[in-house]
Amino acid sequence: VIVLLFLLITGFVSFSLPEAMPYLRLYMPVLLLEYGLNILLTVFRCESRIKEYAQILNLNTLLLALCTGVGALWGVGGVIAGKYLSFAVAFVLCVYKSRTELKRIATAAPLSSKKQRELWRYSLYTGVSSALNTALYLIDVSMVAALIKDPESLALYKVATLIPNALTFIPTSIVLCVLPDIISNRKNIQWLKRKLMRVTCGLGAANMFIC
């Protein structure tokens, strides 16, 4: 729905870099593929299939680097096409590996109305939080584009800030991997104290290394 709304808005609103609009319209559906991939990867985390989760995530990262690198030879359109290809391959692989779980989900009994309300409330809060985090991550690029209005300067700024921001995948991946174990042992206080201290120290060391 958000992607469709954005595509409609771009037809009526003018932006500071009008030459970028065709690429934005072409890129927006990639977000749907990425969203679907993240939903399927959640199944692996919930089933504690961390090894398969890491394999698909690493494959997607390698494909992104390879396909966008090769696609750059044909310009921005080639880079976007490379992203389509990398996410599509990872998505199909996810569907194949999680086909048993997907069948169980499709044939599962519906949740009670109380649980549905609780799930919607939780999803709404986390969705808004995720959207705000993404907006904060991108707002600086929008401000630079509005102030400078120079595509080359904007591209240089984006490249300069991309590498340090991308390195946050290290602590984020650790949290995603240990979260299912923490939830399954949420009533084991001694286990939580021991493991959470170890995870906190490990994340602190990883963040210090990145800094």
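Scanning segment 41-78 for residues that are among the β-branched types (Val, Ile, Thr) and within 29 Å of VAL175 (Cβ to Cβ) returns THR42, VAL43, ILE50, ILE56, THR61, THR68.
Of the residues GLY127, GLY77, GLY71, the single one that is within 26 Å of SER184 (Cβ to Cβ) and assigned to a helix (DSSP H, G or I) is GLY127. Note on segment 27-58: residues that are open to solvent by 60 Å² or more (accessible area, probe 1.4 Å) and within 18 Å of the chain's Cα centre (by Cα) total 10. Just one of the numbered conditions (1) at positive phi; (2) part of a helix (DSSP H, G or I) is not true of SER48: (2). Does THR161 qualify as being at pLDDT below 75 and surrounded by 12 or more Cβ atoms within 10 Å (Cβ to Cβ)? So THR161 fits the description; yes.
Scanning segment 98-107 for residues that are open to solvent by less than 70 Å² (accessible area, probe 1.4 Å) and part of a helix (DSSP H, G or I) yields a total of 2. Inside segment 59-90, can you point out the residues that are open to solvent by 60 Å² or more (accessible area, probe 1.4 Å) and among the β-branched types (Val, Ile, Thr)? Listed by number, the residues that qualify are THR61, VAL70, VAL76, VAL89.
The values are calculated or read from the model by the stated rules, or taken from the named source; none is laboratory data. Predicted, not measured: the structure shown is a model, and the values here were computed from it. Every residue, glycine as well, gets a Cβ built from its backbone with ideal geometry; the counts of neighbours run over all protein chains shown. Areas reflect the complete protein model, heavy atoms only, side chains present, ligands, DNA and RNA absent. Shrake-Rupley method; radii C 1.70, N 1.55, O 1.52, S 1.80 Å.
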